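Asks: The structure that follows is given in the form of structure tokens.
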Amino acid sequence: MTQKDILVDTSLGEVRVAVVENGKLVELYLEHEEAGHYASDVYKGRVEDVLPGLGSAFIDIGHEKRGLLHASDIVATGIEDIDEVFLSQAGATKAGAAPARGHIEDVLQRGQNIIVQVTKESIGDKGPKLTTAVAIPGRYLVLAPHADRVNISSRIEDDDERERLRSLAEEAKPPGYGFIVRTAAQGIEPEFILRELEDLVETWRRILKKSERKRAPVLLYKDKDLLERVLRDQFTGDVDTFIADSLATYERVVLLAEKYAPHFVSRVRLYEDDHPIFDAYAIEGEIDRMFRRKIWLRSGGYIVIDEAEALVAIDVNTGRFLGREDQEDTILKTNLEAAAEIARQVRLRNIGGIIIIDFIDMTVAENKDNVLEALKECMARDRARSKILELSELGMVEMTRQRQRGSLVAALSRTCPYCRGRGAVLDYDVIGAKIERELTRRLREESREEITVVVHPRVKNFLDTTFEERLNRLELENDTQVNVVSREDLALDEVEIINPRRGAGKRRR
């Protein structure tokens, strides 16, 4: 049985929420006061460019980067006469159907206003991804105002319960509105569900009224802050305790729990120790470990995680694990342990998009099936949707995972000033050789009595020892004096060559 706890740290002007399963950190959420979450926010935007060749349009929603709206993400909503266009293109029989691809120029024109929702926040150089299929989430229901149907969460498996919830929602919903019944609605009394249904419908009506009054671009609906989203979406029956680190946070959590999860209010706790809550539960160490490229396994094996722009590659290695039996058994045990750790790291780092996992090659078909099944079982605990393909003959697994925001590592880090994102810097020998070549070239072009080389202190130490003879020979051959000085602000492989008569030269890398 899994022990699941949610811990909240609200110190230092930010909110951090950790989800811990059996003492291990599996999910981490952060929200700064000055840079909040905007996935799921709804905007009245203005069409700036329509690109028929890509089947997409750029929408100004008031952010620094324009949002991207693809034709496949447009449904009948908030655009004048759009229903008729979609019905004729897609051959649909009811509002809310997606249009046929490649005809976006028949639907959108520059300067047009449109209601959109952010499905994926800006990542890197890419602007936010948008949809017109607006969905407003509640605790038990998700309002889909243009779907005109009721869907039930696939995680509700009992047929009688599915039918009860479907009948309840279908009888209560206004004509033309759609709803998704969430897993949290299972076993909940009708009055709680019906009250939320009415609240969601009223929320959408307020969005429409604000859209009529305001000029684009404008924010029409702001999703809840991090703490409220966690209470709404994750404080369910499988959570044993919800622990807040301050009295003010505890009191707010209790109020939110009474609103979203009244059955579980007794599980809210106040952390009263003097030590920071994340230190007490060993969370800080796990956060530091999250930035490592190589993650060691208990057996002595390890995994390597490399994030590229288009995909994430994860490699599994036996490392120091030699095993006590045959090679196949050693490989199987390493792969099984790696599958569990990969699932945890994917959730923890919020890795999304395409993920390629290179397991150690196995020869026994049953062992391959066991590893794949272990990965699927561990990923089943993840709230984000994922799709895992079969293990290939080369031992690789392709999978995709839903992504609303960039990975946590990318959000918490910046490009290394030393390597400029390459992941490596030049070796000292290479730097020394580059300096020697550049000095030789300059001294051939123009004789100089003195020349100064400015480098990082570590590089200077290397040049003063290993390269001393080569620099001395260069001085004798060119009748000059080479001064090597250091500066802390330089990157490890950054070099300045200065001619005293002409001033600083161009920095070289």
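Asks: Need a quick list: helices (runs of 4 or more DSSP H) entirely within the range 165-282 having at least 3 residues that are out of contact with any strand residue (DSSP E or B) (no Cβ under 6 Å at 6 or more places or on another chain).
Replies: By residue number, 190-213, 226-234, 247-260.
Asks: Looking at the range 409-429 only, could you name the residues that are in a helix (DSSP H, G or I) and free of Cβ contacts under 8 Å to residues at least 60 places away in the same chain?
Replies: Residues satisfying the conditions are 428, 429.
Asks: Just to check your reading of the model, which residue among 148, 159 is assigned by TED's automatic domain parsing to the domain that holds residue 195, on the phi > 0 side of the Ramachandran plot and not small (Gly, Ala, Ser)?
Replies: 148 is the lone residue from the list that is assigned by TED's automatic domain parsing to the domain that holds residue 195, on the phi > 0 side of the Ramachandran plot and not small (Gly, Ala, Ser).
Asks: Show the residue pairs meeting these rules: Cβ distance below 7 Å; 6+ apart or different chains; first residue within the range 233-259 and free of Cβ contacts under 8 Å to residues at least 12 places away in the same chain; second residue among the hydrophobic types (A, V, I, L, M, F, W, C).
Replies: Cβ pairs passing all conditions: 258/265.
Asks: Only one of (1) in contact with a helix residue (DSSP H, G or I) (Cβ under 8 Å, 6 or more places away or on another chain); (2) surrounded by 14 or more Cβ atoms within 10 Å (Cβ to Cβ); (3) under 19 Å from residue 24 (Cβ atoms) is not met by residue 280, so which one is it?
Replies: (1)
Asks: Next question. Could you list, in sequence order, the residues of the range 200-243 that are among the charged types (D, E, K, R) and within 23 Å of residue 384 (Cβ to Cβ)?
Replies: 222, 223, 224, 225, 228, 229, 232, 233, 238, 240
Asks: For the range 223-277, enumerate the residues that are in contact with a Ser or Thr (Cβ under 6 Å, 6 or more places away or on another chain) and closer than 27 Å to residue 42 by Cα.
Replies: 223
Asks: If you go through the range 435-459, how many residues are modelled with pLDDT of 85 or more, out of contact with any strand residue (DSSP E or B) (no Cβ under 7 Å at 6 or more places or on another chain) and closer than 12 Å to residue 475 by Cβ?
Replies: Total meeting the criteria: 2.
Asks: Of (1) out of contact with any helix residue (DSSP H, G or I) (no Cβ under 9 Å at 6 or more places or on another chain); (2) more than 30 Å from residue 288 (Cβ to Cβ); (3) modelled with pLDDT of 75 or more, residue 470 satisfies all except one. Which?
Replies: Going through the list (1) out of contact with any helix residue (DSSP H, G or I) (no Cβ under 9 Å at 6 or more places or on another chain); (2) more than 30 Å from residue 288 (Cβ to Cβ); (3) modelled with pLDDT of 75 or more, residue 470 breaks only (1).
Asks: Picking from 104, 136, 114, which residue would you name as being within 28 Å of residue 407 (Cβ to Cβ), among the aliphatic types (A, V, I, L, M) and crowded, with 20+ Cβ neighbours inside 10 Å?
Replies: The match here is 136.
Asks: Working only within the range 119-140, note down all residues that are in a strand (DSSP E or B) and out of contact with any Leu (no Cβ under 6 Å at 6 or more places or on another chain).
Replies: The answer is 119, 120, 123, 126, 131, 137.
Asks: Continuing with the same structure: Among all residue pairs at least 6 apart or on different chains, which show Cβ distances below 6 Å where the first residue, located in the range 175-189, is in the same structural domain as residue 139 (by TED's automatic domain parsing) and the second is of a type in the set (Lys, Arg)?
Replies: Hits for this filter: 178/149; 179/173; 183/155; 184/139.
A quick yes/no check of all residues on (1) surrounded by fewer than 15 Cβ atoms within 10 Å (Cβ to Cβ); (2) without any contact (Cβ under 8 Å) to a residue 24 or more places away in the chain; (3) touching an Asp or Glu at 6+ places or on another chain (Cβ under 9 Å):
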residue	(1), (2), (3)
140	no, no, yes
146	no, no, no
154	yes, yes, no
160	yes, yes, no
167	yes, yes, no
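Asks: Please specify each residue of the range 16-25 satisfying the condition of being surrounded by fewer than 19 Cβ atoms within 10 Å (Cβ to Cβ) and either within 22 Å of the chain's Cα centre (by Cα) or outside the structural domain of residue 280 (by TED's automatic domain parsing) (or both).
Replies: Selection gives 21, 24.
Asks: With the requirement that a residue be touching an Asp or Glu at 6+ places or on another chain (Cβ under 8 Å), part of a helix (DSSP H, G or I) and over 17 Å from residue 427 (Cβ atoms), what does the range 451-485 give you?
Replies: Within the range 451-485, 471, 474 meet the criteria.
Asks: Continuing with the same structure: Only one of 28, 69, 7 is at pLDDT 90 or above, closer than 22 Å to residue 252 by Cβ, over 18 Å from the mean Cα position of the chain (by Cα) and part of a strand (DSSP E or B); which?
Replies: 7
Asks: Given 182, 232, which one is under 30 Å from residue 266 (Cβ atoms) and touching a helix residue (DSSP H, G or I) at 6+ places or on another chain (Cβ under 8 Å)?
Replies: Sole residue among the options that is under 30 Å from residue 266 (Cβ atoms) and touching a helix residue (DSSP H, G or I) at 6+ places or on another chain (Cβ under 8 Å): 232.
Asks: Specify which of the listed residues (248, 244) is at pLDDT 90 or above and surrounded by fewer than 17 Cβ atoms within 10 Å (Cβ to Cβ).
Replies: Answer to the check: 248.
Asks: Something else about it: Which condition breaks for residue 393 when tested against (1) part of a loop (DSSP other than H, G, I, E, B); (2) touching a residue at least 24 places away in the same chain (Cβ under 8 Å); (3) more than 20 Å from residue 496 (Cα to Cα)?
Replies: (2)
The values are calculated or read from the model by the stated rules, or taken from the named source; none is laboratory data. Values in this document were obtained by computation on a predicted structure and should not be read as measured data. Please note: Cβ atoms are built from the backbone with ideal geometry, for glycine as well, and neighbour counts cover all protein chains shown.
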